[in-house]
Amino acid sequence: NFFAGILILWRFPFERGDYIECEGLVGKVEKILIRMSYIRENNGELTVVPNSFLFKNPVTILTSQESRRVMMTTGVAYDVDVKEAVEVITQAMNSCETLTPDKPVQVFPKAFGSSSIDIEIAWWTDSTPLGVRRSTGEVVTAVKSALDKAGIEIPFPYRTLTFKEALPIRQDEARTE
């Protein structure tokens, strides 16, 4: 832990105030000491982590840049004009304020899903976890609203239940009298 702490402090892979992710631990670095680091998780809990843990495992520094790329997938019904859907989604994205203005928004048909044509949306936004959540919420709201206004269905899976044996029909006593 001591040796790992020296290397972390000396090489500065991350600093106080950075958001990091390591082996399922996600949070803001509050302190880096010789033997341990203090990570404030997104739920507010403080986790004291031995520096050897951070040194031996891959650490993703979520805030190493000011903006981060976010991706999500939505779907449209099979009877929808895919080009029109992509255009509607692109216009909705252009109305969002939380996107990084100097980085591109990308909207591409991705796959034939089980209930929909899947469309992938990628954009850049503030790199903090709160920034990503805020932007994702704005994008979901804008895309849903734009697709609704255009009359484009976002389908959901339909289920058909088939029973091997016919179910008996029970008649109420009141009907038989």
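No value in this document is a laboratory result; all are computed from the given coordinates. Computed from a prediction, not measured in an experiment: that's the story for all the values here. Positions of Cβ are backbone-derived with ideal geometry, glycine not excepted, and every protein chain shown enters the neighbour counts.
At-a-glance table
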read-out	value
Only listed residue being surrounded by fewer than 12 Cβ atoms within 10 Å (Cβ to Cβ), of a type outside the set (S, T, N, Q) and in contact (Cβ under 8 Å) with a residue 24 or more places away in the chain, chosen from Pro58, Pro50	Pro58
First in region 106-132 and farther than 21 Å from Ser67 by Cα and in contact (Cβ under 8 Å) with a residue 24 or more places away in the chain, second anywhere and among the β-branched types (Val, Ile, Thr) and not in a strand (DSSP E or B), Cβ under 6 Å, 6 or more apart	Pro109/Val82; Ile117/Val82
